[in-house]
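Input: a single structure, listed below in structure tokens.
The values are calculated or read from the model by the stated rules, or taken from the named source; none is laboratory data. Everything numeric here is computed off the predicted structure, so don't read it as measured data. Here the Cβ positions follow ideal geometry from the backbone for every residue, glycine too, while neighbour counts run over all protein chains shown.
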Amino acid sequence: MTEEDRLLLIDLKENTQHLFGLYHQLENENRMLQKDLEALQNKIESLEQERLELGKKNEQLKVANQLLSGTDENQDAKQKINSLIREIDKCIALLNK
């Protein structure tokens, strides 16, 4: 083996080691990003659930506000309540089958 071949082989070995180092570094970074992604997805699910709950509470407050306001909106509130009662009655009927 000539001196030039030996130097090329050493250079190739160093480059290979460098590439493996970069590979492992990227692998670790990818794992960290996957964990971050999973945490963010969980947070999104949690916030979406909270948003839905707040939307329901908002609707309840609107109905309560309409009931308390002594205006024509009382009729709308009563209709909404009657509609909800009918839905509940349907659910109970389905459960009794």
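General remarks:
- Long-range neighbours under 8 Å by Cβ, at least six apart or interchain, first residue without any contact (Cβ under 8 Å) to a residue 60 or more places away in the chain within the range 4-19, second outside any helix (DSSP H, G or I) and loosely packed, with under 10 Cβ neighbours inside 10 Å: 9/1
- Selected residue (criterion: modelled with the lowest pLDDT) from residues of the range 1-23 that are part of a helix (DSSP H, G or I) and of a type in the set (Val, Ile, Thr): 10
- Set 67, 94, 26: member being surrounded by fewer than 10 Cβ atoms within 10 Å (Cβ to Cβ) and either part of a helix (DSSP H, G or I) or touching a residue at least 60 places away in the same chain (Cβ under 8 Å) (or both): 94
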